[in-house]
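Data first, discussion second: the structure below is written as structure tokens.
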Amino acid sequence: MNVVVRRLVAFIAALVLAVEAVGIVIINVVMGTVVKNQDMSLAGTDPAVMSKGTWALGGVSGVFLLLCAVLLVLAGARDRTPGRVARIALICCAVVHGVLGALTVGLVGWTAFAWMMVVLGLIVLALVAYGPQPEPKAEPEQPAAPAPA
């Protein structure tokens with residue numbers, strides 16, 4: 001794959017993940033605030049605990065998505081394959097997007113599913129683009145010219 005395309009895919013995926021991180025944090029803050037303001041319990045669970053748990057989940061999710069965005073920016077800037085830990089983090093991010101994409105079809109709708117699949121595709125494309133490069137094939141040796149008789 002061309003260097004320009006690899007870098008462009010990595011930067012676009014990083015930008016999308018950064019925007020998604022901000023969105024996830026905002027959604028979780030709003031949901032946590034709603035749970036806190038309603039002061040309702042779910043099967044006896046304390047509403048304050050549910051609210052704080054939602055805020056914590058939003059923060060952790062946002063930090064993880066920003067970490068993945070930074071890893072993609074570094075891969076694109078250096079034009080090198082991410083290290084083992086970085087690849088594991090990006091693979092985990094791709095798997096989470098795949099699972100959440102499957103869940104969003106029934107819960108949110110096809111538009112959310114399409115968004116999740118676009119993000120999944122960008123992450124996978126960046127991983128494949130910076131995957132192990134095939135070694136160039138050695139040219140076969142030319143047979144020696146027969147000796148004159």
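Some notes on this structure:
- Evaluation of Val63 against the conditions (1) modelled with pLDDT of 90 or more; (2) open to solvent by less than 70 Å² (accessible area, probe 1.4 Å); (3) over 11 Å from the mean Cα position of the chain (by Cα) shows that the sole unmet condition is (2).
- Residues within the range 1-52 that are within 28 Å of Arg87 (Cα to Cα), small (Gly, Ala, Ser) and in contact (Cβ under 8 Å) with a residue 12 or more places away in the chain, tallied: 5
- Looking only at the range 16-28, residues that are over 18 Å from the mean Cα position of the chain (by Cα) and more than 19 Å from Asp46 (Cβ to Cβ) come to 2 in all.
- Any hit, the range 129-137, residues being modelled with pLDDT of 85 or more and small (Gly, Ala, Ser): yes
- The listed residue being open to solvent by 70 Å² or more (accessible area, probe 1.4 Å), in contact with a Ser or Thr (Cβ under 8 Å, 6 or more places away or on another chain) and modelled with pLDDT under 95, out of Lys52, Lys36: Lys36
- Scanning the range 74-133 for residues that are open to solvent by less than 30 Å² (accessible area, probe 1.4 Å) and at positive phi yields a single hit, Gly109.
The values are calculated or read from the model by the stated rules, or taken from the named source; none is laboratory data. Source: prediction; values computed, not measured. Note that each Cβ is placed from the backbone with ideal geometry, even for glycine, and that neighbours are counted across all protein chains shown. The accessibility values were calculated without ligands, DNA or RNA, using every heavy atom of the protein model including side chains. Shrake-Rupley method; radii C 1.70, N 1.55, O 1.52, S 1.80 Å.
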